[in-house]
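To keep things clear, I will list the structure first and then write my remarks on it.
Rule-based calculations on the coordinates, nothing more; no lab input. These figures come from a predicted structure and were not determined experimentally. Cβ placement follows ideal geometry from the backbone for every residue including glycine, while neighbour counts extend to all protein chains displayed.
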Ligand code: PEP
Ligand code: MG
């Protein structure tokens, strides 16, 4: 294997091997853009290093060969005493992990080569500044010295000079700092700062490899669901300098606004600065239009390059650039992160520009972005007190108590508080707190600051650069422009779509995207730059290409109506348990359970029948013309009986008063009799139908009579009856015979020809394994992936999230709860097999899923792959399922 690629050898399709940064540097090099020459060490080399603890044997020679070639190209030698070549060593994984891994700049500087740099640049201050930056960065990231030590030393020198600005330090000050920094290294790393440039390079490469497994990188990957085994590439690139004077500088830019999607050029520029100065928000940046005034030639070239990149990548790109004495250099580009709204807008804009087609546009958005757009937002009419305004960095409406450090954010949110993390600016150490918080507020930094970039990536609300707020993290408070003080624990609200900051809790209103689905959007109300139009176009396209149908889990007319508005093509799961609740019905259910003779039992069922029939008539009316799968009673009986403790107390009190209640006594006996250690594995589902005579027959009769009534009224009811928790075909056969008898009776009595399909849920491993047999008695299957996940893993669905899932997620046993996203290898394999075996028995077997996974983006793709006919999910998730079903189909 080849472990090192020159920038001229790679291309953008090699992200697995070269990482995103390396692949795109190669792509830009091949496009003829001004990229400083360099080479990339592959992720494969990193994997070997991380597995074995040392670099692969051939790496050293390969790096030597590429370094030699680079030196030849540049006409300089690494760390040479008279005319040194300097290089940067940057991490770059397949997926962008902003600020999570290490970078070292100015490799090659030493006590001797710094003099060469003075000569080469004719700028003594610059040379010593570069050297002190190297010792500082190298000391911190490679040798593990506490970064604060360097910062304090720097502050001391500035204080002594009576300044707060780095630029006021002269060559002598910086020379002194190098000496101090080297001493800090020696004292705290137990070794001298290495003077041999090749040793610097090798150590820096290893440090970047190691940074793949730093705590913050691991946490970020878990959060972003980036696999842990990808490893990082390392880019070794000849240095260009933005800190050579006022005709130099460095900047970042987007080809479109990553928050709104509006076309144009957005970016920040900082003159006489290097590398991370911009992103870290240390000094105030200027906008790109200022750059036009400062350096028109570089500005024009930058505009041209940005246009080239947009056309080439056919997408929004973000870039990092440096200007060295009036010469523009491209240091990085990638397809840029964006907000959910911008993703939809940009996709449609690019279609209109003829750069991509609608299939591609559909690929470029996803269900979780659509879900984000459906969140409520702040009510603009509400009487609120605005206390500041920053940059709208990542949208959403977040309310919480102000906290001023990551630790408190985590602690308070663990105890159930909603918090907003308020910082002057964030850095990678704040990641825990950012995850725990509802939103992030900073007083410094722009759209490209750490807080903004990371929050956007996490889909978390963020307002940054609210400069009139004076944040004092030590005193745990911030002060507004008019002198008001907000202390830790005070409630604030931040609006990531407008950048506004409010005191107190601001009420929220529905999003325009929800109003669009609801059909309540006022004409002309789509002021948000065509967001609703973009959603409409893309989801319509998804509908036209998807194979999966989308149904709703709904059990009353209101939810059914909403589901229809959101585009449901039927009901995939009507849970009938609520039809047994409510005071009147509960009484009858108790009577049913307590009955020790047929007459009592039948009397109770007779009362329940018309009530349930009315419910079904309403439901079939709402879903007229569309299938409605009604599931017969499923939950364990104790859910319908009084709580055992409460009832015991009531009985004991009555006894103490010598006034025993006959009914309570019988009820208590029944509660004891029906008490189960594992109710989820007990008397529930089809088992109820088998042991309580007449229960399922009553439900089937209510369904059939409701359907007949609707038919006679000219409607088009399409009822289907579904039996839950079946484990063997024998259970199903018994229930089926009984149901068919009832259907025939209702048909005879009403004269209506009812075509009601009978099917089953597949939610036990045994049912999935014997699906071929079960299909003999079932006209359709609906996978109950909630119970199937519970029984396949042996995880109690009601308990695990609170007990040990956090530990499992932390240990990386799974990246996401299997109750949320289908476990493809385990539960999914059973689903796939059951679909195949079921269809072998009955080729026209209809297949659906109605567990929570039916509305989960990733799971929808899986259900498409295994050939189900439909997914069913809660009404609110239907748009997401429609979109993802479309994405799965192209
Ligand atoms: C399931 O188990 O996946 C299901 C849909 O049924 P319930 O959630 O009602 O048990
Ligand atoms: Mg179930």
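So for the stretch 1-122: antiparallel DSSP bridges make up what percent, rounded to the nearest 5?
Counting only bridges with both partners in the stretch 1-122, antiparallel ones make up about 75 percent.
The length gained on full extension between residue 213 and residue 50, counted as 0.36 nm times the residue separation minus their Cα-Cα distance, comes to 57.8 nm. Which shape class, rounded, prolate or oblate, goes with the stretch 623-686 when its Cα gyration tensor gives a ≥ b ≥ c as root eigenvalues, a/c under 1.5 marks rounded, and past that a/b bigger than b/c marks prolate? Prolate, because a/c is 1.5 or more and a/b exceeds b/c.
When each of the peptides 379-389, 342-352 is scored by how many other beta carbons lie within 10 Å of its residues on average, the order from highest to lowest is 342-352, 379-389. The ranking of 121, 238, 449, 544 by Cβ neighbour count inside 10 Å, starting from the fewest, reads 544, 121, 238, 449.
Can you put 726, 114 in order of Cβ neighbours within 10 angstrom, beginning with the fewest?
With the fewest neighbours first, 726, 114 line up as 114, 726.
Geometric descriptor of the stretch 430-473, per residue, is 67 Å³ (volume of the convex hull of the Cα atoms).
Restricting to Cα pairs below 8 Å that are 6+ residues apart, what does the relative contact order work out to for the chain? Please round to a whole percent. Walk me through the numbers on the way to the answer.
Values: 1819 pairs, mean separation 79.0, N = 890.
RCO, the chain: 9 percent.
The protection proxy used here, the mean number of other Cβ atoms lying within 10 Å of each residue, ranks peptides 546-559, 481-494 as follows, highest first: 546-559, 481-494. Distance between the pseudo-spin-label points of residue 151 and residue 247 (7 Å out from Cα toward the beta carbon): 3.5 nm.
Take every DSSP beta bridge whose two residues both sit in the stretch 414-571, then give the antiparallel share in percent to the nearest 5. Write out the running numbers ahead of the final one.
Values: 9 of 17 bridges.
Taking every DSSP beta bridge within the stretch 414-571, about 55 percent pair in antiparallel fashion.
Helix content alone sets the calculated 222 nm mean residue ellipticity of the chain: runs of n ≥ 4 DSSP H residues at -39500 (n - 2.57) each, divided across all residues, give -14000 deg cm²/dmol. A Förster radius of 51 Å, combined with the Cβ-Cβ distance separating residue 380 from residue 744, puts the computed FRET efficiency at roughly 0.30. For the chain, the Cα-based Rg and Dmax, in that order, read 33.0, 107 Å.
Can you put 266, 502 in order, fewest other beta carbons within 10 Å first? Can you show the working numbers first?
Working: 266 22, 502 19.
By the 10 Å Cβ count, ascending, the order reads 502, 266.
With the simple model of a label 7 Å out from the Cα in the direction of the Cβ, residue 415 to residue 520 spans 3.8 nm.
Calculate the all-directions average of the projected area of the stretch 553-592's alpha-carbon convex hull, and give it in nm². Can you show the working numbers first?
Numbers: hull surface 12.4 nm².
Seen from a random direction, the Cα hull of the stretch 553-592 projects 3.1 nm² on average.
For the stretch 104-214, what does the alpha-carbon gyration tensor say about shape, rounded, prolate or oblate, given a ≥ b ≥ c as the root eigenvalues, a/c under 1.5 as rounded, and a/b over b/c as prolate? Oblate shape, in that a/c is at least 1.5 and b/c is the bigger or equal ratio. For the stretch 375-509, the spherically averaged projection of the C-alpha convex hull amounts to 7.0 nm². The label point for residue 677 and the one for residue 72, both projected 7 Å from the Cα toward the Cβ, are 7.7 nm apart. Mean projected area of the Cα convex hull of the stretch 4-238, taken over all directions, amounts to 13.3 nm².
Just the number, please: percent antiparallel of the DSSP beta bridges in the chain, rounded to the nearest 5. Antiparallel bridges make up about 60 percent of those DSSP assigns within the chain.
R0 = 25 Å: FRET efficiency of residue 60 with residue 183, Cβ-based, nearest 0.05? Walk me through the numbers before you get to the answer.
Numbers: r = 31 Å, r/R0 = 1.25.
The computed FRET efficiency comes out at 0.20.
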